[in-house]
1. Any idea how many residues of segment 41-65 are part of a loop (DSSP other than H, G, I, E, B) and in contact (Cβ under 8 Å) with a residue 40 or more places away in the chain?
2. Would you confirm whether or not segment 153-165 contains a residue that is surrounded by 10 or more Cβ atoms within 10 Å (Cβ to Cβ), at pLDDT 75 or above, out of contact with any strand residue (DSSP E or B) (no Cβ under 9 Å at 6 or more places or on another chain) and closer than 21 Å to ARG12 by Cα?
3. Output the number of residues of segment 173-206 satisfying the condition of being within 18 Å of the chain's Cα centre (by Cα) and at pLDDT below 90.
4. For residues that are part of a strand (DSSP E or B) and closer than 14 Å to PHE106 by Cβ, scanning just segment 150-166, find the one that is farthest from the chain's Cα centre (by Cα).
5. Do you know which residues across segment 41-85 are within 17 Å of LEU174 (Cα to Cα), at pLDDT below 95 and in contact with a strand residue (DSSP E or B) (Cβ under 6 Å, 6 or more places away or on another chain)?
6. What's the total number of residues in segment 1-40 that are modelled with pLDDT under 90 and not in a loop (DSSP other than H, G, I, E, B)?
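The values are calculated or read from the model by the stated rules, or taken from the named source; none is laboratory data. Just so it is clear, the structure is predicted and the values come from calculations on it, not from any experiment. Don't worry about glycine lacking a Cβ; one is built from the backbone with ideal geometry, like all the others, and counts go over all protein chains shown.
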Amino acid sequence: DIVLSTPPSELRTVRLVPVTEDTALADRVLTALNISPRLVPRDDHGRMTASAGETRFQRRADGHILLELAAHDLSSRLSSRERARVPLQRRAIVNRARSALRRFGFASPGSELIFDRISLALSATQSLHLASEQPVEMLDEIIVQFRQSIAGIPILTPGAGSLKLVMRPDGTVLRIESTLRQVAELLPPRSYRCGGSDDPPLPDGLAPTC
């Protein structure tokens, strides 16, 4: 991993579309769900909710999007031992996640998704009658996270530029959470002065990148 020991001499900034107007991603996701964006009510802050069967879509005023997908219970078909033996291969998991993000409209034009990390959600069971045996661990969920990148530069703004997909070990997508933002303009680099709080604040609507 690459770690910066000193701050960069220059920072690139981007001008973001105002969050109340930044509904292009929400419209793409709704279209991918075969829901007409024009038929979904939204308030002055861009909040909207929609559902199709057991699939639920929500966009908050801060631009956060949550897509919860219908997940059929696999417990009747997979035993605990079979679930625990699902092979884990990072490349396959990331490729499957990217495919799902494209399918549900989360691949934003003009920006790139950089793989961030994979997290595993595990649970364990133990028989009360066989306390001497080790608990059996089961893999319940795989969480794949990405960062939004503009011109090859990842967005570092808190609360923006992240994408998280949660799937079951068999690849069934459970939910997708997004704070991706639409970029209005990529601005020239500006000099960076060390000093933390002494640095002038960025104007409204600008997001720092590194």
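1. Summing the residues that are part of a loop (DSSP other than H, G, I, E, B) and in contact (Cβ under 8 Å) with a residue 40 or more places away in the chain in segment 41-65 gives 4.
2. yes
3. Number of matching residues: 3.
4. For segment 150-166, the residue satisfying everything is VAL166.
5. Those that are within 17 Å of LEU174 (Cα to Cα), at pLDDT below 95 and in contact with a strand residue (DSSP E or B) (Cβ under 6 Å, 6 or more places away or on another chain): LEU69, ALA70, ALA71, ARG83.
6. Result for segment 1-40: 6.
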